[in-house]
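Notes to accompany the following structure.
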Amino acid sequence: MIDYGNTKGLSLLQELANQGLFIFTVVDARATAVGLRISDNYLSQVLSHLEKAGWIIRLKRGLYAGTGSLPGGVQVHPFAVATRLVEPSAISHWSAMSHHGFTDQIPHIVTAFTPQKVVTPTMRESEEKKAGKHAWDVGGTRYEYVTVIPDHFFGIEGVWVDERFRIPITDKERTILETFVSPRLFGGIGEALATLEGHIHELDLEKLVGYVVRYGKASAIKRLGWALERLDAPSEFVDPLEKIPIKGFRLLDPTRPRRGPYEKRWMIQNNFLGEKRVK
């Protein structure tokens with residue numbers, strides 16, 4: 001029975017691959033199984049045989065991916081898995097930083113953001129809840145999701161990560177923006193400042209400024225404006241951010257203590273150690 005099931009399963013996997021379905025749902029498998037004369041009642045056994053043989057992996061209920069263990073098989077890119085586990089979603093934060101060459105660090109976690117409510121097996125971890133992150137562990141890889149409101153789900157482009165998978169990922173400017181919006185998720189404002197300084201000539205500053213205004217978070221607007229002025233960015237990009245009204249001073253680095261000079265021009269308390277006050 002097992003051999004027969006595997007034979008049927010291999011035929012099913014081959015036909016799914018021919019359709020470009022390297023990640024597939026039970027509905028996909030059921031539709032394909034009809035042409036292979038695999039009954040609906042027997043399909044669950046076929047999928048179980050494939051999973052036990054290590055030829056597919058169950059991502060979540062009703063969703064599977066090939067493992068690439070068969071000769072000629074395809075190893076599904078982790079970014080493709082991430083954006084199918086939660087839909088809609090886009091690769092973001094540290095994974096996007098690495099993709100765009102903004103960091104030398106090799107992330108051991110795949111990060112994505114989504115406007116979708118995420119329910120994962122690891123939501124019991126209170127610290128992740130506080131950080132707005134939800135994690136999924138699949139096949140030895142950890143996938144983390146940050147939930148954003150629908151209006152903040154923008155700045156996304158489709159990128160071919162290999163010849164088979166085109167993945168939604170935050171573009172360069174949206175990726176940089178996130179470091180100013182959520183410095184805590186990057187270990188502090190230092191990562192944002194270093195990344196902006198090292199890659200400012202690669203960025204479309206008009207787009208970046210437009211993004212931060214669209215996002216509408218006062219602290220991010222003032223942090224980015226402060227940083228752009230510090231890097232001698234053209235006034236056409238700096239001045240609009242300075243003119244946006246704000247009530248009360250914001251910390252430059254929310255991960256550090258509330259101490260340091262107040263800079264009224266930007267309504268920023270410069271608590272980033274080692275930084276000089278901008279006149």
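Before moving on, here are some points about what is shown:
- Least to most buried among Glu202, Glu242 (fewest other Cβ within 10 Å first): Glu202, Glu242
- Highest-fluctuation residue, Ile167, Ile244, Ile200 considered, GNM on the chain with Cα pairs under 10 Å: Ile244
- Each Lys or Arg adds one and each Asp or Glu subtracts one; over the other residues with Cβ under 10 Å from the Cβ of Val86, this totals +2.
- Volume per residue of the C-alpha convex hull in the chain, rounded to whole Å³: 143
- Rounded to the nearest 20 debye, the dipole size of the chain about its Cα centre is 1140 debye, using +1 on the Cβ of Lys and Arg and -1 on the Cβ of Asp and Glu.
- Order of Lys172, Lys217 - criterion: other Cβ atoms within 10 Å of each residue's Cβ, fewest first: Lys217, Lys172
- Degrees separating the helix 189-199 axis from the principal Cα axis of the chain, which is the longest one: 80
- Beta bridges assigned by DSSP with both partners in the stretch 81-170 are antiparallel in approximately 65 percent of cases.
- Expressed as a fraction of 2.2 N^0.38 Å, the C-alpha radius of gyration for the stretch 81-170 is 1.05.
- Long-range HN-HN contacts of Arg250 with modeled amide H, under 5 Å: Ile268, Gln269
- Converting phi to 3J(HN,Hα) with the Karplus coefficients 6.51, -1.76 and 1.60 and the offset θ = phi - 60°, the stretch 175-188 yields 5, 4, 3, 4, 5, 8, 6, 10, x, 4, 6, 10, x, x Hz in sequence order, with x at every glycine or proline.
- DSSP bridge orientation in the chain - percent antiparallel, rounded to nearest 5: 70
- The mean sequence distance of close C-alpha pairs (under 8 Å, at least 6 residues apart), as a share of the length of the chain, puts its relative contact order at 10 percent.
- Span from the the stretch 46-78 Cα centroid across to the the stretch 153-226 one, whole angstrom: 34
- For Leu59, residues with placed amide H under 5 Å, excluding near neighbours: Tyr64, Ala65
Since every read-out is calculated from the coordinates, none of them should be taken as a lab result. Bear in mind that the values here come from a model prediction, so they are computed numbers and not experimental data. Ideal geometry is used to build each Cβ from the backbone, glycine not excepted, and the neighbour counts take in all protein chains shown.
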